[in-house]
1. Search the range 35-78 for residues being in contact with a helix residue (DSSP H, G or I) (Cβ under 8 Å, 6 or more places away or on another chain) and exposed (fewer than 13 other Cβ atoms within 10 Å of the Cβ), and hand back the single one that is farthest from Phe117 (Cα to Cα).
2. List, please: which pairs have Cβ atoms under 9 Å, are six or more places apart or on different chains, and start with a residue in the range 53-72 that is over 24 Å from Val36 (Cα atoms) and end with one that is of a type in the set (Phe, Trp, Tyr) and surrounded by fewer than 16 Cβ atoms within 10 Å (Cβ to Cβ)?
3. If the requirement is being surrounded by fewer than 16 Cβ atoms within 10 Å (Cβ to Cβ) and assigned to a strand (DSSP E or B), which of these qualifies: Thr108, Thr122, Thr87?
4. If we keep just the residues of the range 10-50 that are assigned to a loop (DSSP other than H, G, I, E, B) and within 12 Å of the chain's Cα centre (by Cα), which is nearest to Ile128 (Cα to Cα)?
5. Out of the range 5-25, which residues are basic (Lys, Arg) and either more than 21 Å from Thr52 (Cα to Cα) or crowded, with 21+ Cβ neighbours inside 10 Å (or both)?
6. Can you pull out every residue in the range 77-102 that is under 24 Å from Pro28 (Cβ atoms), in contact with a Lys or Arg (Cβ under 9 Å, 6 or more places away or on another chain) and either in contact (Cβ under 8 Å) with a residue 24 or more places away in the chain or of a type in the set (A, V, I, L, M, F, W, C) (or both)?
7. Does Ile128 meet the test of being assigned to a strand (DSSP E or B), more than 11 Å from the chain's Cα centre (by Cα) and crowded, with 17+ Cβ neighbours inside 10 Å?
8. Among the listed residues Thr88, Thr52, Thr76, which satisfies the condition of being touching a strand residue (DSSP E or B) at 6+ places or on another chain (Cβ under 8 Å) and over 23 Å from Val18 (Cβ atoms)?
Amino acid sequence: MTTGVETFKFDMDKSPEVTDFAFATGTPKEFCTKDVMSKVRFHHSVDGEQFTSKVDIPGMAPRVFHYKLGVPYDFTAQDGRKFKITTTCEAEKFIEKMVADNGDEIITVREDTGNGFKSTTTTKGKTITHYMVRV
């Protein structure tokens, strides 16, 4: 893995359900609007085996995640839900499994599209797809 920082934003034209994704992963409902989501920025970096992801949502404190592949870590979403998150890499796809304290699971598969990535999230029997592009 190389060291570097990349910044992404939602491709709003290809991501009609992005507000559903944000709500499912713990963003308070009042921030789950297309206007707010169009201004969200994701910053990802890797240094050796250490990954860092930072999510900037206008009007909210930034969320920062530090993790290693395959190592579970605890996360408390802005809406108060608590999750155990494990990220793995299989067949060049990053798979993020979030398990809430109540047992609910959210599985997100991210795959490179060349200029960003496609994310497919499944939770409670519903699948949400959104795209992110490099800024």
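Please treat every number below as a calculation from the coordinates, not as lab data. Here the structure is a predicted model, which means the values were calculated and not measured. Note that each Cβ is placed from the backbone with ideal geometry, even for glycine, and that neighbours are counted across all protein chains shown.
1. So the residue we want is Gly59.
2. Here the result reads His66/Tyr73; Tyr67/Tyr73, each pair linking the range 53-72 to a residue that is of a type in the set (Phe, Trp, Tyr) and surrounded by fewer than 16 Cβ atoms within 10 Å (Cβ to Cβ).
3. After applying the criteria, what remains is Thr122.
4. Checking each candidate, the answer is Thr25.
5. Of everything in the range 5-25, just one residue is basic (Lys, Arg) and either more than 21 Å from Thr52 (Cα to Cα) or crowded, with 21+ Cβ neighbours inside 10 Å (or both), namely Lys14.
6. Passing the criteria: Ala77, Gln78, Asp79, Ile85, Thr87, Met98, Val99, Ala100.
7. yes
8. Just one listed residue meets the conditions, Thr88.
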